[in-house]
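Student: Handing you a structure now.
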Amino acid sequence: MEMLQDSYLRAVAAAAGCQMAKPEPDDGIDWTLTHSSAAHTADCQIDLKVQLKSTYVASSNPKSGFVSVNVQNDRLKLLARHPVMVHRILVAMIIPEDVASWVEASHDYLSLRHCAYWRSVTGVQPTGQEHSAVRVSTSQIFDDVALCQIMERIGKGGTP
């Protein structure tokens, strides 16, 4: 599951013109994405920290309008910190239970199943004893357009 999520993130980051770095060791942040642009006014290079989570419990495009993922409370506290120098988002991916349906390829395309969604969890408080269920709206699809918009907002001194 982790490799599929990483592949999804790599594809989105590449299409958005971002560089990727993986912290070693993983301290609760899976990836740092960097976007460079002269249009950024806060700094010419903008960083974004990303925590990936996945679930195969929910169906693709859930009718509820959200996907729920469990996040360890210590990681949620890290993601939810405010203020920060580098913004953080949670990317939640719905993955099919059947591994054979994760990837489909033809001469025209390579498809990764299913979809990932994003949210900023700044200020969110843990609700469980060790883990907390975090809802991520399915209206916030994580793709290259969304990532470019996130980086543009951060680049202007705003939040994701």
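The values are calculated or read from the model by the stated rules, or taken from the named source; none is laboratory data. Since we're looking at a predicted model, the values are computed, not measured. Here the Cβ is made from the backbone with ideal geometry for all residues, glycine too, and neighbour counts use every protein chain on show.
Student: Does region 15-62 hold any residues that are small (Gly, Ala, Ser), out of contact with any strand residue (DSSP E or B) (no Cβ under 8 Å at 6 or more places or on another chain) and touching a residue at least 60 places away in the same chain (Cβ under 8 Å), and which are they?
Tutor: Scanning region 15-62 gives Ala15, Ala39, Ala42.
Student: Quick check on region 5-29: of everything there that is surrounded by 18 or more Cβ atoms within 10 Å (Cβ to Cβ) and under 22 Å from Arg113 (Cβ atoms), which residue is farthest from the chain's Cα centre (by Cα)?
Tutor: In this case the residue turns out to be Ala16.
Student: Please enumerate the residues belonging to region 54-107 that are closer than 16 Å to Met1 by Cα and charged (D, E, K, R).
Tutor: Listed by number, the residues that qualify are Glu97, Asp98, Glu104.
Student: For region 47-68: of the residues being in a strand (DSSP E or B) and at pLDDT below 95, which is nearest to the chain's Cα centre (by Cα)?
Tutor: Ser54
Student: Among the residues of region 125-157, what is the count of those that are under 16 Å from Gly28 (Cα atoms) and of a type in the set (Val, Ile, Thr)?
Tutor: 1
Student: Would you point out the residue of region 122-145, among those that are within 11 Å of the chain's Cα centre (by Cα) and touching a residue at least 40 places away in the same chain (Cβ under 8 Å), that is surrounded by the fewest Cβ atoms within 10 Å (Cβ to Cβ)?
Tutor: Asp143
Student: Next question. Out of the residues in region 96-121 that are part of a loop (DSSP other than H, G, I, E, B) and touching a helix residue (DSSP H, G or I) at 6+ places or on another chain (Cβ under 7 Å), state the one that is surrounded by the fewest Cβ atoms within 10 Å (Cβ to Cβ).
Tutor: Once the filter is applied, the top-ranked residue is Arg113.
Student: Exactly one condition in (1) closer than 26 Å to Thr159 by Cβ; (2) of a type outside the set (Lys, Arg); (3) out of contact with any helix residue (DSSP H, G or I) (no Cβ under 8 Å at 6 or more places or on another chain); (4) surrounded by 12 or more Cβ atoms within 10 Å (Cβ to Cβ) is false for Met93; which is it?
Tutor: Only one criterion is unmet by Met93, namely (3).
Student: Go through region 78-110 and give me each residue that's within 17 Å of the chain's Cα centre (by Cα), closer than 20 Å to Asp47 by Cβ and not small (Gly, Ala, Ser).
Tutor: Those that are within 17 Å of the chain's Cα centre (by Cα), closer than 20 Å to Asp47 by Cβ and not small (Gly, Ala, Ser): Leu78, Leu79, Arg81, Val86, His87, Arg88, Ile89, Leu90, Val91.
Student: So which of Arg75, Arg81 ends up being in contact (Cβ under 8 Å) with a residue 24 or more places away in the chain, farther than 19 Å from Ala11 by Cα, surrounded by fewer than 15 Cβ atoms within 10 Å (Cβ to Cβ) and touching a strand residue (DSSP E or B) at 6+ places or on another chain (Cβ under 8 Å)?
Tutor: Arg81
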